[in-house]
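No lab work stands behind these numbers, since they all come straight from the coordinates. This is a predicted model, so every value here is computed, not measured. Here Cβ is always computed from backbone atoms with ideal geometry, including for glycine, and neighbour counts include all displayed protein chains.
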Amino acid sequence: MHLEYITLGAYFIILLALGAGFARLTNNMSDFVRGGGKGTWWLVGSSIVMAGISAFTFTGNGSAAFEGGPTFLIIYVANCTAYFIGWLFLAAWFRQTRAYTHADLLRARFGTAVEQFSAYTGLVLGPLGASIQLWALAMFASAVFDFPLGTTIIVIGSVVLIYSTVGGRWAVMATDFVQGIIMMVITTVVAILAWQHIGGFGNFFSNFSDPRFADDFRLVKEPGQFDNDRFTLKWIIVIFFMVIYHQISLISASRYLAAKDGREAKRASLLACILMAVGSAIWFFPPMVARFMYGDEILAQGMENPAESAYAYIAIKLLPNGLLGILIAAMFAATMSSMDTGLNQQVGIIVRNIIPRLRSGLGLDPEMSNRTQMWICYISTVALGIFVIVGALLFALQREIILFDAYLIISSMVGIPIGLPMLMGLWIKRIPFWSYFVIFGACMIPSLISFYDGYFNDNPWTIQHRAMWIFITGVAATIACVPMWKWAGKKQREHIDEFFETMKTPVDFEAEIGEGTDRAQAKLIGTSATILGASMFLLLLIPNPLVDRMWIFAVAGSVTIVGVLLAIYGRPVKLLHPEEGESKN
């Protein structure tokens with residue numbers, strides 16, 4: 001395990017160096033919270049994918065693949081469908097709002113009251129969710145890889161905190177890209193090794209008809225076959241719409257705000273669609289192979305939820321010596337990329353949407369100097385990062401995780417009602433500002449009833465049952481709000497008209513933003529990826545059979561090639577006429 005520590009240490013050092021390298025591109029609040037609106041499609045697209053996955057992808061969803069086969073992939077079908085819609089037009093709309101944060105979007109569509117409600121709600125739920133993600137990752141690393149729990153929390157949290165503070169949104173996107181390369185390469189190797197181990201797709205699919213697995217691996221399960229009627233036809237339909245509605249509403253717009261313009265945002269969404277589709281195939285094939293080949297061994301482990309270790313179990317079995325550390329880094333990267341994005345977005349909301357309103361309420365000028373804004377960005381990032389780390393440590397110390405249960409209840413019962421008005425407000429123009437609270441209130445009715453039934457009548461609702469009734473009441477409330485448009489004042493109508501007109505107006509990058517940093521982005525990230533890939537070649541010094549050495553060479557070579565290509569693209573372009581300047585970037 002000492003080798004894994006060395007690998008992770010080198011990996012973390014490169015992430016910190018990458019954050020420091022991008023600090024020079026962060027000169028104001030816009031740079032810190034949305035990369036100045038200068039992100040290239042490949043940088044934004046990879047960051048979208050990495051922000052959308054975490055260690056839960058390999059633990060919780062890996063467990064679903066192990067237990068119930070491919071049914072749960074409907075989640076990823078919905079994600080890919082939403083990204084495809086983004087490529088068609090929606091990503092461009094989101095970028096063209098010219099917003100800095102998603103709270104800006106809500107103010108533009110629904111007014112200041114909704115902006116503030118969303119800002120403070122996110123300020124509570126966001127860091128709490130990040131604490132739980134960090135704690136869950138450390139718990140998994142402790143149980144499977146025998147890492148010290150508290151130390152893992154502090155180290156991972158500190159690394160994310162440092163590069164997010166130093167480099168802001170630029171560092172977040174850059175580290176997401178580098179971490180994405182590592183994750184895609186190493187998980188592809190695990191999938192290929194699993195394919196070889198089971199003897200090809202023919203042998204793999206033959207297990208679907210094996211009496212030991214046939215019922216569990218049917219695409220549509222019978223009611224009562226799994227807890228909470230998971231994987232039934234009703235579950236499939238509701239989960240698909242629940243996932244896709246979240247992806248095509250205003251709540252998800254912030255992922256595209258860093259793109260240069262609508263065209264780059266659309267390309268980023270297409271890249272996210274492709275990466276998510278490919279990832280879905282390679283991430284969840286190994287846990288299913290693990291069920292067929294090592295099912296009894298995995299379930300016989302002393303863990304509370306042994307199925308969650310299915311991915312790690314088969315990877316440990318198959319990976320050559322030296323690559324396990326890379327896999328651990330990839331699993332850490334998945335959670336770190338979710339944490340850093342959430343941290344950066346919350347900081348943006350504090351600086352952009354909360355503090356100016358507080359200053360205005362105190363009779364102060366809501367406008368702040370660039371220096372003041374940057375200091376608030378730094379201080380807020382540190383404060384939120386410490387909160388996340390301390391929260392994760394507190395989770396690790398207690399045995400009865402009441403707060404964890406409370407968070408899951410709040411996120412499932414309040415998260416969907418919060419998001420549905422954002423969906424309706426994007427797709428239906430003729431509803432007034434206050435319709436947000438009407439739709440939210442209507443959606444909360446089935447949520448509260450389900451809470452009462454579950455905790456007082458011992459009659460818990462399934463997530464699909466709750467979501468279905470939330471959708472029904474939310475749609476009914478939206479229909480009721482449409483006729484109320486005639487009572488919306490002239491000023492409010494003009495405000496809403498302006499929002500939709502702006503959203504449909506293409507961004508003129510040169511006029512609105514100025515000079516791009518495409519080559520600087522490519523140079524910094526390419527250099528970091530090249531160094532990381534080159535350092536992986538040192539793993540060839542570890543004693544291994546020739547075939548295993550070839551796998552190590554393939555992993556190191558793949559990362560290095562991507563880095564070299566980006567570094568070459570990032571080289572300054574010499575001008576033909578020296579008198580016009582020495583170079584341009």
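Points to keep in mind about this one:
- Percent RCO, i.e. relative contact order, over the chain, from Cα pairs under 8 Å lying at least 6 residues apart: 27
- Sites S158 and W485 - FRET efficiency at Förster radius 60 Å, r taken between beta-carbons, to 0.05: 0.75
- DSSP H segments from the chain that extend 30 Å or more along their own axis, Cα-based, with Kyte-Doolittle mean of 0.0 or above: 112-145, 149-198, 262-299, 324-349, 370-397, 402-427, 435-456, 546-569
- Two-site FRET efficiency, I513 against A20, from Cβ-Cβ distance with R₀ of 30 Å, rounded to 0.05: 0.80
- Applying 0.36 nm per residue to the separation of A383 and R218 and subtracting their alpha-carbon distance, the gain on full extension is 54.6 nm.
- Positive-end residue of A108, G19, Y76, charge dipole of region 1-138 with Cβ unit charges: A108
- The sum of -39500 (n - 2.57) across all DSSP H runs of n ≥ 4, divided by the residue count of the chain, sets its helix-only mean residue ellipticity at 222 nm to -24000 deg cm²/dmol.
- In the chain, the alpha-carbon atoms span a convex hull of 168 Å³ per residue.
- F241-V475 pseudo-label distance in nm [points 7 Å out on the Cα-to-Cβ vector]: 0.5
- Ordering F117, T232, F147 by the projection of their Cα atoms onto the charge dipole of region 117-235, which places +1 on the Cβ of Lys and Arg and -1 on the Cβ of Asp and Glu, puts F117 at the extreme positive end.
- At R0 = 41 Å, FRET efficiency that the Cβ-Cβ distance of E304 and E494 yields, to 0.05: 0.10
- Between Q225 and K317, the contour length at 0.36 nm per residue exceeds the Cα-Cα span by 30.1 nm.
- The charge dipole of region 432-585, taken about the Cα centre with unit charges on the Cβ atoms of Lys, Arg (+1) and Asp, Glu (-1), comes to about 300 debye, rounded to the nearest 20.
- Kirkwood Rh in Å, taken over all unlike Cα pairs in region 66-129: 14.4
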